[in-house]
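Encoded as structure tokens, the structure appears first; notes follow it.
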Amino acid sequence: MKFLALNGSPHGAKGNTEQVLQAFLEGAREVGAETEVVYLKDKTIKHCLGCFTCWTKTPGVCVHKDDMPALLEKMRAADVMVYATPLYVFTMSGLMKDFVDRIIPLAQPYIIQRGEHYIHPPRYAPASDASGKVVLISNSGYPEPLHFSGLVETFRRWADSPGEELVGAICCAGGALLQSEALRPSFAWYMDATKRAGREVVEQGRVSPETQQVLDQPLISNPAAYVDMVNAHWQSQGVELFDILGEFQPEAQVPATAGVPLPPPQSMATMRDLVSGMAYSFNPQAAGDLEAVIQFQVTGEEAGRYYLDIAQGHCTAFAGEHPEPKLTLITPAEVWMAISRGEMNGATALMTGKYSVKGDIGLLMRLGQLFKKE
Ligand SMILES: Cc1cc2nc3c(=O)[nH]c(=O)nc-3n(C[C@H](O)[C@H](O)[C@H](O)COP(=O)(O)O)c2cc1C
């Protein structure tokens, strides 16, 4: 199965889009796919003139003399087209848009009815029975997956042509974090799912709903925590925040959050997974407008530092130490794990010194409501 990937980022192979694209293609190659990446930034692709010469005087051939005819040939030979673009103003980059506009020589000018819709029929027969699969890959600077809605809908509508289908959309909200070496282990879950998606397209013809569900999650579930990290980055670059709107409090917007976000739990067998799992079992209704950090100082064989940051109805788990936790739990891993499994009574364990706490005891009392048990 032949995959042709187009990278529409001006950053090309050094960009964030590439991180996701390469993981996806690696997965596809693992199960026998042939893959090729074209970096659109290195190609000359002129804007479509809208003259329709490619539909009238020279059917299938554009008036422009540039790199596009060779790319259309590659496209016609591919089974899977992978469009990889950074999110630019809620849609694809200009590089990618120029490319997709220039695909019209592959269609015929007539409009025909197909099912409930009208379409331009293709000019050429498909390369093989396996062809016509479209995969969208994107990443964004904002942390909210909602920002991809227009882009995904564009590709869904566009791929709704004879013999074509959007078989997966990997839209990574907050993709800039993927370039950070320090954060790499934290996002292994996303990259693993991306590789799995590549394998699934080869083996099953599409990304499975289970994998798609993982890929639809932002890298960091708490947008406020993500924004803190991004703003801290800009601050470290010496960029000033001007209070044009009279609404910002720069100091309050850039707290010294030093932690590394934890990936979703693989099991509940380690303290790291257990703290990560707590963020996923968070009950926003019970939290209301609570803003608090709960620090874990884990002792014993599996010693470590983790914290849960609760803000604006979200809870995010981090590895590391927070400068201002509201509540600190100092506990051997096995004690907290036994409590969370219901094998040990939390209050008794505290009274008998099996673990200790510092800070807001009222918050300790609320843990049962804040984190639902499975
Ligand atoms: C012109 C421009 C427009 C952008 N528009 C958006 C946007 O609408 N939403 C968003 O979340 N990020 C936006 N971004 C941020 C990029 O999506 C983000 O930096 C991405 O990680 C870049 O990927 P790359 O390194 O592969 O180019 C924009 C960036 C630029 C330069």
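Quick notes on this structure:
- Normalising the average separation of contacting C-alpha pairs (under 8 angstrom, six or more residues apart) by the number of residues puts the relative contact order of the stretch 2-215 at 26 percent.
- Mean separation of Cα contacts under 8 Å, 6 or more apart, over the residue count of the stretch 259-370: relative contact order %: 25 percent
- Volume per residue of the convex hull around the Cα atoms, evaluated for the stretch 319-367, comes out as 87 Å³.
- Counted charge near residue 147, where neighbours are those whose Cβ lies closer than 14 Å (Asp, Glu -1; Lys, Arg +1): -3
- Solvent-free Debye scattering, log10 I(q)/I(0), computed from the Cα coordinates of the stretch 20-101 at q = 0.13, 0.14, 0.18, 0.26 Å⁻¹: -0.51, -0.59, -0.89, -1.36
- Helix axis angle, 223-236 relative to the chain longest principal axis, alpha carbon, degrees: 80 degrees
- When its C-alpha radius of gyration is set against 2.2 N^0.38 Å (N residues), the stretch 2-215 gives a value of 1.01.
- Size descriptor for the chain, Kirkwood hydrodynamic radius: 23.3 Å (Cα pairs only, one decimal).
- Seen from all directions on average, the stretch 259-370 presents a Cα convex hull projection of 6.4 nm².
- A Stokes-Einstein calculation at 25 °C with viscosity 0.890 mPa s, built on the Kirkwood radius of the stretch 60-166 over Cα pairs, returns a diffusion coefficient of 163 µm²/s.
- Computed from backbone phi, the HN-Hα couplings of the stretch 163-168 come to x, 10, 7, 7, 9, x Hz, rounded to whole numbers (Karplus: 6.51 cos²θ - 1.76 cosθ + 1.60, θ = phi - 60°; Gly and Pro given as x).
- Computed from Cα positions, the angle between helix 271-280 and the longest principal axis of the chain comes to roughly 70 degrees.
- Its Cα centre serving as origin, the stretch 2-215 has a Cβ charge dipole (Lys and Arg +1, Asp and Glu -1) of approximately 540 debye.
- Using alpha-carbon coordinates, inclination of helix 149-158 to the longest axis of the chain, degrees: 30 degrees
- Integer Hz, Karplus 6.51/-1.76/1.60 couplings in order for the stretch 293-305, x for Gly and Pro: 10, 10, 9, 10, 9, 8, 10, x, 4, 10, 5, x, 10
- Computed packing ranks the peptides 227-239, 23-35, 332-344 as 23-35, 332-344, 227-239, most packed first, by mean other Cβ atoms within 10 Å.
None of the figures in this text is laboratory data; all of them are computed from the coordinates on show. All figures in this text were calculated on a predicted structure; none of them were measured in a lab. Every residue, glycine as well, gets a Cβ built from its backbone with ideal geometry; the counts of neighbours run over all protein chains shown.
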